[in-house]
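Note sheet for the following structure.
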Amino acid sequence: MTAVVDLRNVSFAYGDSPAIEDVSLQIDAGEFLGLIGPNGSGKTTLLHVMLGLLTPDSGSVKLFGEPVAGFEHGERIGYVSQQATNRGGTMPITVRECVRMGRFPHVGHGKLTPTDREIADEALETVGIADLAERRVNQLSGGQRQRAYIARAIASEADLLALDEPTVGVDAESRDEFYRLLESLNDSGITIVLIEHDIGVVTDRADHIACINTKLYHHGDTESFVESDALSEAYGNTGEVVHHHH
Amino acid sequence: MSRNEQGAVDQEPVGTDSVRNRILSAGPRRTIELSGIGVVGVLAAVMIAFIGLDWLRHGPASGAHPLVESLYATTGIDRAAAAVFGQFLIGGQWIDYYLGTNVFRHSFMWRSIATGVLVGIVAPLVGTFLVHRQMALIGETLAHTAFAGVAVGLLFIGVTGWNGSLLFVALIVSVLGALAVQWLTERTNTFGDVPIAIMLTGSFALGTLLISWGRDVMTVSIDIEGFLFGSLAVVTASGARMMSVLSVVVVALVAITYKQLLFITFDEQAARVARLNVRGYNTLLVVMTAVVVVGAMQVLGVILVAGMLVIPVAAASQVAQSFRETLYLSVLVGQCSILGGFAFAISQGLPSGGSIILVAILFYLVAIAVSGRSGAALSMH
């Protein structure tokens with residue numbers, strides 16, 4: 001089976017300072033990968049390289065078996081960026097308008113069909129915010145807003161969902177619900193890559209872990225990560241507690 | 001949904017929602033907006049028709065080819081246009097008669113009004129995307145680039161004796177300026193304001209030098225003040241014609257690329273992941289801005305033109321619920337500002353540019369008062 005994401009010996013530097021060095025990893029279809037590492041360890045850079053937002057200095061990147069530079073099937077990737085990178089906070093836009101964007105890569109310059117609208121509405125149902133469809137995105141709580149962005153990814157019928165610290169500024173209860181939603185999406189076959197600073201959440205939810213600090217310290221299933229020394233090696237010995245209920 | 005989230009919903013938006021609901025519920029509100037847009041559309045169509053008649057009545061390009069010659073001879077389309085045009089001005093005389101004015105009987109006034117009506121549509125239309133991409137300063141910069149374009153055009157016409165439109169030269173220079181701005185911003189990573197500010201002042205400096213120098217070496221009379229502050233008298237037949245063509249093109253382009261522009265406006269990074277040609281649409285947006293600015297410069301003036309890109313959008317964003325509604329309301333506020341500003345300028349014998357902008361700001365203040373939202377959420381850059 002072709003890997004959803006296939007990185008081979010990828011390096012990327014901002015000027016002279018290397019952000020990631022010689023990272024190789026494959027993500028298979030249906031995996032839930034938690035990407036962890038200390039602040040400034042290159043997690044976001046690695047995710048951007050995977051998605052083709054950044055071009056690596058060396059190494060090869062493939063998405064769904066295709067070289068990332070020529071990859072055209074934008075609808076197959078759902079991306080939820082850090083809150084600060086979109087205009088949800090200031091722009092007058094409804095939740096429904098936002099979720100329908102997921103259909104835009106499907107229709108190009110054409111009109112949205114009734115089917116497209118239906119798919120968007122179903123995505124709103126799936127994440128449980130159908131009743132908020134006509135609300136302005138900036139009137140939502142942090143957790144609801146991230147659900148809207150997930151709904152956009154579902155509406156695009158993405159096979160790969162990439163999330164960059166989606167729950168920063170979201171209260172604990174909404175966060176739990178959000179991760180339960182991710183799990184159920186993963187169960188339905190969507191591949192997930194999640195950057196998360198809370199290692200406990202990652203070890204609870206993800207089935208695979210990649211731990212990086214410029215270099216890849218560990219990549220494997222959660223079980224093997226918990227038993228390895230990768231955490232203390234990557235973070236230095238901070239003595240953080242790892243939850244593990246498997 | 002968790003209790004916690006429910007709480008957040010209940011608390012936060014109550015103030016704004018109840019205010020909005022008091023004004024109008026969604027159904028009639030939408031109907032009123034769409035009717036307003038319909039009226040604006042009809043008005044624009046009439047104005048474009050007027051500009052077309054103004055063009056046709058002189059039998060354009062009749063010397064160019066015998067075929068055109070015979071077309072005029074057999075159809076009599078130029079004479080028909082002249083007749084309808086005459087009727088239009090007679091209608092204007094009646095309006096003057098009832099209002100006790102001396103305005104609507106003159107074809108040059110109608111050209112200005114027509115240009116203004118079109119500006120009132122396309123400037124807020126493009127401005128909606130600019131403002132929410134936090135690129136409002138770019139509109140200001142392109143206006144100053146267009147001023148340099150006017151100066152270059154003056155010199156070009158003075159030196160070569162070319163019998164073309166000054167605005168056309170300004171349009172080309174402004175589009176080149178837009179591409180330069182795009183190039184600059186791509187290299188500064190963000191729409192950082194320092195290179196943009198340098199470009200803004202630099203092109204204006206170049207314009208003033210070229211005009212002073214041009215005055216010394218040749219005898220071209222030009223109403224520079226008209227271009228700086230906007231004037232009803234500065235709109236020429238060819239300027240109005242250019243504006244009508246540009247307006248149709250810009251409205252069509254926005255209609256075709258609405259979804260893509262919306263996506264890159266909302267989340268440029270996600271749009272890139274979705275494999276939209278973000279760079280292409282950015283360039284399109286900046287070039288459309290340049291084009292709109294050159295057209296709008298005639299009635300608003302270089303210094304005030306950016307106001308028309310920003311203020312109606314700021315007003316609309318206060319009260320609108322959705323992005324589409326923001327677009328509609330921006331155009332409506334823009335149109336009302338243009339017509340209100342014209343009325344004030346004509347009745348008081350004052351420049352049109354300042355009048356239009358002050359009326360627009362009045363709408364903005366009303367929008368803030370009505371919505372109860374703070375105006376601080378929007379930013380220039």
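Bear in mind these aren't lab numbers, they're just calculated from the coordinates by the rules spelled out. Everything numeric in this text was worked out from a predicted model, so none of it was measured. We place every Cβ from the backbone using ideal geometry, glycine too, and count neighbours over all the protein chains shown.
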Legend entry - Per-residue HN-Hα couplings for the range B:97-102 [Karplus 6.51, -1.76, 1.60; θ = phi - 60°; Hz; x = Gly/Pro]: 4, 6, 8, x, 10, 10
Legend entry - Whole-angstrom gap from the range B:26-77 to the range B:127-200, using each part's C-alpha centre: 29
Inset, instruction - Kindly put A:THR113, A:THR44, A:THR203 in sequence by how many other C-beta atoms sit within 10 Å of each C-beta, fewest to most. - result: A:THR113, A:THR44, A:THR203
Legend entry - Value of [θ]222 nm, deg cm²/dmol, for the protein assembly as shown, DSSP H segments ≥ 4, -39500 (n - 2.57) each, nearest 500: -20500 deg cm²/dmol
Legend entry - Cα-based Kirkwood hydrodynamic radius, the protein assembly as shown, one decimal, Å: 27.2
Legend entry - Cβ-based exposure ranking for B:LYS259, A:LYS111, A:LYS215, in which fewest neighbours within 10 Å come first: A:LYS111, A:LYS215, B:LYS259
Inset, instruction - Restricting things to alpha carbons, tell me how big the range B:241-381 is in terms of Rg and Dmax, in Å. - result: 16.2, 54
Legend entry - Relative contact order, percent, the range B:35-121 [alpha-carbon distance under 8 Å, six or more residues apart]: 30
Legend entry - Cα-centre dipole for the protein assembly as shown with unit charges at Cβ (Lys and Arg positive, Asp and Glu negative), debye to 20: 3180
Legend entry - Total charge dipole magnitude, chain A, about the Cα centre, Cβ charges on Lys, Arg, Asp, Glu only, Debye to nearest 20: 1060
Legend entry - On Cα atoms only, tilt of B:14-23 relative to the major axis of chain B in degrees: 50
Inset, instruction - Specify the angular offset, from 0 to 90 degrees and rounded to the nearest 10, of the alpha carbon long axis of helix B:26-56 from the longest principal axis of the alpha carbons in chain B. - result: 20
Inset, instruction - First measure r as the distance between the Cβ atoms of A:ALA13 and A:HIS73, then evaluate 1/(1 + (r/R0)^6) with R0 = 25 Å and state the FRET efficiency to the nearest 0.05. - result: 0.30
Legend entry - Cut-off under 5 Å, modelled amide H: who pairs with A:TYR217 long-range: A:CYS211, A:ILE212
Inset, instruction - Return one number: the angle in degrees, 0 to 90 and rounded to the nearest 10, between the long axis of the Cα atoms of helix B:193-217 and the longest principal axis of the Cα atoms of chain B. - result: 10
Inset, instruction - Could you work out the local net charge near A:ARG103, counting Lys and Arg as +1, Asp and Glu as -1, over the other residues with Cβ closer than 12 Å to its Cβ? - result: -1
Legend entry - Rg and Dmax [Cα atoms of the range A:5-235; Å; Rg one decimal, Dmax integer]: 17.6, 53
Inset, instruction - Just flag the GluC sites (Glu not before Pro) in the range A:93-184 sitting in loop per DSSP whose Cβ has no more than 14 other Cβ atoms within 10 Å. - result: A:GLU134
Legend entry - Proxy reagent accessibility, fewest Cβ within 10 Å first, across A:ILE154, B:ILE198: B:ILE198, A:ILE154
Inset, instruction - Return the lysines within reach of B:LYS259: Cα separation strictly under 24 angstrom, same-chain partners fewer than 8 residues apart disregarded; answer none if there are no such residues. - result: A:LYS111
Inset, instruction - Give me the Debye-computed log₁₀ of I(q)/I(0) at q = 0.07 Å⁻¹ for the range B:115-372, equal point scatterers on Cα only, no solvent, two decimals. - result: -0.23
Legend entry - HN-Hα J in Hz across the range B:338-348 - Karplus 6.51, -1.76, 1.60, θ = phi - 60°, x for Gly and Pro: 4, 5, x, x, 4, 4, 5, 4, 5, 5, 9
Legend entry - Of the DSSP H helices in chain A, those whose Cα atoms cover at least 15 Å axially and whose Kyte score averages -1.0 or more: A:114-127, A:142-155
